[in-house]
Amino acid sequence: MDIEYHEELVRNSRGVQLFTCRWLPASSSPKALVFLCHGYGAECSELMRECGIKMATAGYGVFGVDYEGHGKSMGTRCYIKKFDTLVSDCDQFFKSICDMEDYRNKSRFLYSESMGGAVALLLHRKDPTFWDGAILVAPMCKISEKVKPHPAVISLLTKVEDIIPKWKIVPTKDIIDSTFKDPVKREKVRKNKLIYQGKPRLKSALELLRASMDVEDNLSEVRMPFLVLHGEADTVTDPEVSRALYERSASIDKTIKLYPGMWHGLTAGEPDENVELVFSDILAWLDKRSRHWKPEERARARLEPVNKHTQEASKEISHVTGSNGAESPVPVLPQDQPRHGCSFLCGLGGQPNQQQCSRM
């Protein structure tokens, strides 16, 4: 299928110029809308280009925006003064697309990677009945207990964050080396000048920490349908955070897929055959949930309570399909279970057992 690519500059409510892009089927109306929430230091037009192309080729309209200070958008490079502003900017732009006459009857989904997972979940919290579902790829939605900073450390940093907010003083390992497995793709990413590769700024790091802790504290409020995907060899975001989301959310339509041996960059850093497998799972999930909405159906869905079936859902039994094909009940993670990890900035973690869970 032929596709079209477009770029456009918009201004947010603070007057900052933001870069937006979209991939669309060239000869037909998209069967559904997908909105990209990129990761920390990342951008949409280059790093997520393959994602946009694959989904547009499958018939979806794909829309992205570079956060303020990211990619081709204006603002101090990778400076996050307040995480909520990223969420509000996405909310404003995404809804402006959904409100277009040609798109009002389309299903609308969020697609997120890493830090974008927190953005997507906060967008859902901001308007719980608006989104028809979310795809969360290696989401940043919980900080590993083993690497969560001591409250005293957070308190100390908080006292100086407004004095030296933009200082690049937060130590972190080379995320690119640990995100992209394929060496050719890794070097391509490293040469992408739109991607921020410096040390995190103090204010940005604290905002990421606060956002992660906020999302973690409210996982039980997640009620929209979602697909969460995670590489089991991911050392940037802990695969156990995805399991925690799956276990604690109130969604009645939720699926988790864990990929043995895969790293953090599931869609941009793995060998081609692995990337194809991941996108096959993503497109199958989208295809099953994309539909045409009548105006009265959309209005009724907005009025229905988001927890309509929560009580019934809590009684369902989930199962894990292991590598040997056997099924066993999904264990609930204790709140204080130790996590493997390396850096609080992204909630770094270790590798759980090879499993795949689904709940539809």
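Filtering segment 80-94 down to residues that are among the charged types (D, E, K, R) and without any contact (Cβ under 8 Å) to a residue 40 or more places away in the chain, which residue is most open to solvent (accessible area, probe 1.4 Å)?
Asp84
Only residues that are open to solvent by 10 Å² or more (accessible area, probe 1.4 Å), assigned to a loop (DSSP other than H, G, I, E, B) and within 20 Å of Leu36 (Cα to Cα) were counted in segment 266-285, giving 2. Considered as a group, the residues in segment 195-204 that are part of a helix (DSSP H, G or I) and open to solvent by less than 20 Å² (accessible area, probe 1.4 Å) include one that is nearest to Tyr67 (Cα to Cα), and that residue is Ser204. Checked against the criterion of being in contact (Cβ under 8 Å) with a residue 12 or more places away in the chain, open to solvent by less than 30 Å² (accessible area, probe 1.4 Å) and more than 21 Å from Tyr111 (Cα to Cα), segment 237-257 has no qualifying residue. Would you point out which residue out of Glu187, Glu221, Glu207 is farther than 23 Å from Leu156 by Cα, touching a helix residue (DSSP H, G or I) at 6+ places or on another chain (Cβ under 7 Å) and open to solvent by 10 Å² or more (accessible area, probe 1.4 Å)? When all the criteria are applied, what remains is Glu221. Scanning segment 165-189 for residues that are within 17 Å of His70 (Cβ to Cβ) and part of a helix (DSSP H, G or I) turns up Ile175, Ile176, Thr179, Val189.
Condition (residue is polar (S, T, N, Q), surrounded by fewer than 23 Cβ atoms within 10 Å (Cβ to Cβ) and touching a Leu at 6+ places or on another chain (Cβ under 8 Å)) applied to segment 106-115: is it met by at least one residue? Looking for residues that are polar (S, T, N, Q), surrounded by fewer than 23 Cβ atoms within 10 Å (Cβ to Cβ) and touching a Leu at 6+ places or on another chain (Cβ under 8 Å), one finds at least one in segment 106-115, hence yes.
Give the residue that is nearest to Ile163 (Cα to Cα), with candidates limited to residues of segment 224-236 that are surrounded by fewer than 23 Cβ atoms within 10 Å (Cβ to Cβ) and touching a strand residue (DSSP E or B) at 6+ places or on another chain (Cβ under 8 Å). This residue is Glu232. If you filter segment 133-150 down to residues that are modelled with pLDDT under 80 and closer than 17 Å to Arg210 by Cβ, you find that the one that is most open to solvent (accessible area, probe 1.4 Å) is His150. Close Cβ contacts (under 9 Å, 6 or more residues apart or on different chains) running from residues in segment 95-107 that are within 18 Å of Ile135 (Cα to Cα) to residues that are part of a helix (DSSP H, G or I) and open to solvent by less than 60 Å² (accessible area, probe 1.4 Å) comprise Lys106/Cys98; Ser107/Leu286; Ser107/Arg289.
Quick check on this structure: which one of Asp102, Asp127 is open to solvent by 50 Å² or more (accessible area, probe 1.4 Å), out of contact with any strand residue (DSSP E or B) (no Cβ under 8 Å at 6 or more places or on another chain) and under 30 Å from Lys288 (Cβ atoms)?
Values: Asp127 fails: open to solvent by 50 Å² or more (accessible area, probe 1.4 Å).
Going through Asp102, Asp127 in turn, just one is open to solvent by 50 Å² or more (accessible area, probe 1.4 Å), out of contact with any strand residue (DSSP E or B) (no Cβ under 8 Å at 6 or more places or on another chain) and under 30 Å from Lys288 (Cβ atoms): Asp102.
Answer yes or no as to whether Val215 is open to solvent by less than 40 Å² (accessible area, probe 1.4 Å), outside any helix (DSSP H, G or I) and closer than 30 Å to Ala134 by Cα. Criteria not met by Val215. Residues that are over 26 Å from Leu122 (Cα atoms), surrounded by 15 or more Cβ atoms within 10 Å (Cβ to Cβ) and among the acidic types (Asp, Glu) within segment 2-45 are absent altogether.
The values are calculated or read from the model by the stated rules, or taken from the named source; none is laboratory data. Model, not experiment: these values are computed from the prediction. Here the Cβ is made from the backbone with ideal geometry for all residues, glycine too, and neighbour counts use every protein chain on show. What goes into the accessible areas is simple: the full protein's heavy atoms, side chains included, and nothing from ligands, DNA or RNA. Shrake-Rupley method; radii C 1.70, N 1.55, O 1.52, S 1.80 Å.
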